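Right, one structure below, let's go through it.
The values are calculated or read from the model by the stated rules, or taken from the named source; none is laboratory data. The structure presented is a predicted model; accordingly, all values stated were derived computationally and were not measured. In case anyone asks, the SASA skips ligands and DNA or RNA and just uses the protein heavy atoms, side chains included. Shrake-Rupley method; radii C 1.70, N 1.55, O 1.52, S 1.80 Å.
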Amino acid sequence: TNSDALNNQIILANTYHLALQPGTELVRDAGGLHNFMNWDRNVLTDSGGFQMVSLLKLAEITEEGVTFENPFISDNNDKEGETSSNTKKRTRQEAAESGSMMLLRPEDSIYHQNNIGSDIIMALDD
């Protein structure tokens, strides 16, 4: 493969995105990211903290952690990709009740990174 030719020793996996889709439980059940993508070298995972900044318009930061709205679910009946001129913006409460919110606390970040099977884990902090 190309990565063999480059002799990469490590890859970075994004905890937030893997938790969102396909879900870190699925990655864990597939034997971790090493088995999932047939990678026999190191895996470094971020904490999900970068998304606190890059997805700030989709996030609410509290003492408990960061609550993200799912960017893959539209405001129209929570179906991916559907749009309508009659669609109203959901409140955070409505989004939370629909299951389209993800709370990421420091312990959740570690949980997801362990599910991924990371060799090097980053802590979520402020």
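What accessible surface, in Å², does a 1.4 Å probe find on residue 58, ignoring ligands, DNA and RNA and rounding to the nearest 10?
40 Å²
Apply the Karplus parameterisation 6.51 cos²θ - 1.76 cosθ + 1.60, with θ equal to phi minus 60°, to every residue of segment 4-9 and state each ³J(HN,Hα) to the nearest whole Hz, in sequence, with x for glycine and proline.
Listing the rounded values in order: 5, 5, 7, 6, 4, 9 Hz.
Short version: ³J(HN,Hα) in whole Hz for each residue of segment 104-117, in order, from phi by Karplus 6.51 cos²θ - 1.76 cosθ + 1.60 (θ = phi - 60°), x for Gly and Pro, what are they?
10, 9, x, 5, 5, 4, 5, 4, 5, 5, 5, 4, 5, x
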